[in-house]
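Structure record follows, encoded as structure tokens.
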């Protein structure tokens with residue numbers, strides 16, 4: 001099973017970390033990825049720049065509508081993602097527990113579905 | 001009674017007593033697919049009704065039912081497998097399984113634990129866990145659960161369907177958690193059972209018979225879990241439920257009004273059940289650091305074993321509340337401790353502790369804070385302050401029996 005782990009935190013809170021603390025957290029993330037790669041669970045992943053850099057695009061009547069910022073103002077913002085391979089939900093939860101920013105914000109775990117010619121799951 | 005009637009009665013009894021166990025094992029064989037397992041279960045009982053009158057009742061009916069359910073599931077999977085490769089794969093796997101191993105008697109107990117842990121998985125909402133546990137582990141009908149929780153039947157049915165879909169789609173495994181995760185996961189199971197118990201326990205008599213039956217169902221669940229997994233906190237929860245339930249008959253009077261603990265007719269308490277609960281408390285607290293359910297059960301045992309309110313060991317109760325507070329900091333536990341301290345050291349000591357809660361802005365909408373304060377003022381002879389607190393408590397009640405009880409107290413002060 002593939003699970004996408006979406007990492008969220010309050011950007012304002014994270015801004016309050018010193019550069020040294022922020023770097024330390026990032027090194028932890030590198031270790032976390034290294035461990036997940038070594039155990040064969042890591043498929044893909046990336047941290048994201050802050051929502052200040054986000055742009056939202058909609059296509060209506062075949063025309064692109066472009067706006068500044070994320071699509072929704074929320075207390076915690078999307079900060080990165082991990083695509084993991086796990087046997088089941090219990091394993092996915094155990095792996096996601098090690099994602100360092102889970103201590104500050106949260107990790108949403110979603111099973112991935114396959115695109116098919118027909119009979120697609122909703 | 002002729003032979004056929006005898007057999008169909010036997011099958012009815014088996015359905016009542018064994019269908020949950022058969023389901024639990026079929027779920028393991030079918031990787032937690034509830035829809036397939038339930039269908040296989042119904043097919044197995046239908047086959048028994050058809051075949052047993054002619055062939056006789058098998059020596060081990062449960063094993064026969066599991067085996068029949070397994071074959072029916074293989075048939076069903078093969079049919080579906082024409083369109084769905086995952087189903088075809090499962091059919092092959094089931095077919096190649098060694099039957100003896102699949103039907104191993106020792107695994108049956110574990111299967112029921114698997115079912116409990118799956119229904120109470122933390123990835124499911126609490127209300128889904130409660131509904132799924134009552135439906136699948138206890139075998140209650142969707143209609144009965146909906147009536148007990150005062151929700152429309154389609155709402156509850158939808159809740160169960162969504163939970164089953166999530167189990168399947170998110171691959172929530174049909175498994176007992178690994179030792180490292182067991183304590184945390186067990187806590188989720190215990191919270192679910194205790195919620196079911198309280199839902200029944202807090203329903204006053206006559207409000208809903210089905211609702212009151214939830215307490216009995218929760219105790220049955222507690223007993224089952226205690227047999228399967230006798231961890232100290234499981235023992236503690238079972239003890240707590242037994243001790244509360246044993247005092248149930250004296251909690252409301254003939255008019256359906258609440259009777260406070262100190263005024264309850266203790267001769268109505270069920271002594272054998274109190275003794276059973278008290279013995280379990282000893283087991284729950286034996287030899288290790290007690291957990292929150294064990295501590296709460298210990299407090300309940302001290303109340304249940306006291307001849308009256310004055311002769312209750314309030315010092316011990318206050319001390320246990322202090323321990324509980326360390327384990328589970330909560331303003332409600334603080335309030336309970338304040339009441340116990342007041343019984344030990346006098347109303348002023350309790351009022352001072354309640355004051356602290358109020359300064360911090362805790363429990364401002366909780367009627368029991370004002371009711372407790374009113375009671376302490378009344379006992380201290382400060383009538384005006386007591387009246388004021390009773391009025392504040394009445395404003396914050398939600399249930400009629402609670403309000404009537406407080407109004408009676410207030411009226412008594414105004415005489």
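Every read-out reported here was derived from the displayed coordinates using simple, explicitly stated rules and does not represent laboratory data. Note that the structure is a prediction, hence the values are computed from the model and not measured. Cβ coordinates were reconstructed from backbone atoms using ideal geometry, including for glycine residues, and neighbour counts include every protein chain displayed.
The angle between the Cα long axis of helix B:400-414 and the main principal axis of chain B comes to about 10°, on a 0 to 90 degree scale.
Each part gets one Cα centre, and for segment A:78-97 versus segment B:339-415 those centres are 49 Å apart. Across B:54, B:239, B:389, mean-square fluctuation computed from a Gaussian network of chain B (C-alpha pairs under 10 Å connected) peaks at B:54.
Hydrodynamic radius of segment B:147-293 by the Kirkwood approach over all distinct alpha-carbon pairs: 17.2 Å. Summary value for segment B:105-229: 29 percent relative contact order, contacts being C-alpha pairs under 8 angstrom separated by 6+ residues. For chain B, the 222 nm mean residue ellipticity estimated from helices alone, with every DSSP H stretch of n ≥ 4 adding -39500 (n - 2.57) and the total spread over all residues, rounds to -24000 deg cm²/dmol. Here the average projected area of the convex hull drawn through the C-alpha atoms of segment B:105-229 stands at 7.7 nm². Cα-based radius of gyration for the protein assembly as shown, normalised by 2.2 N^0.38 Å, reads 1.18.
The shape of segment B:256-387 comes out oblate: with a ≥ b ≥ c from the C-alpha gyration tensor, a/c is at least 1.5 while a/b does not beat b/c. Principal-axis analysis of the Cα atoms of chain B puts helix B:3-29 at an angle of about 80° to the longest axis.
Taking the longest Cα principal axis of chain B as reference, the axis of helix B:232-246 is set at about 60 degrees. Indicate the gyration tensor shape class of segment B:264-321 (rounded, prolate or oblate), computed on the Cα atoms with a ≥ b ≥ c the square roots of the eigenvalues: a/c under 1.5 is rounded; otherwise a/b larger than b/c is prolate and the rest oblate. Judged from the Cα gyration tensor, segment B:264-321 comes out oblate (a/c at least 1.5, b/c at or above a/b). In chain B, Cα pairs under 8 Å separated by at least six residues give a relative contact order of 9 percent. Of the peptides B:8-21, B:117-130, the ranking by mean beta-carbon count within 10 Å, highest at the top, reads B:117-130, B:8-21. Once the gyration tensor of the Cα atoms in segment A:2-111 is diagonalised, the equivalent ellipsoid follows with semi-axes of 26, 20, 12 Å, ordered largest first.
In segment B:338-384, the alpha-carbon atoms span a convex hull of 66 Å³ per residue. Note on A:83-89: average number of Cβ atoms from other chains within 10 Å of each residue's Cβ is 3.
With the highest mean first, a sort of the peptides B:349-361, B:139-151 on other beta-carbon atoms found within 10 angstrom per residue produces B:139-151, B:349-361. Equivalent-ellipsoid semi-axes for segment A:54-110 (Cα gyration tensor, √(5λ), whole Å, largest first): 31, 15, 8. Three principal axis extents of segment B:3-103 based on alpha-carbon atoms, in descending order, are 44, 22, 22 Å. Peptide packing for A:85-97, A:59-71 was compared via the average number of neighbouring C-beta atoms within 10 Å per residue; ordered from the highest value, the list is A:85-97, A:59-71. For segment B:365-415, the square roots a ≥ b ≥ c of the C-alpha gyration tensor eigenvalues yield an a/c of 1.5 or more together with a/b not exceeding b/c, which makes the shape oblate.
Computed on segment B:365-415, with alpha-carbon pairs under 8 angstrom and 6+ residues apart, the relative contact order is 37 percent. The separation of segment B:227-288 from segment B:42-79, counted between C-alpha centres, amounts to 42 Å. Across the alpha-carbon set of chain B, the Rg to Rh ratio works out to 1.05, Rh being the Kirkwood radius.
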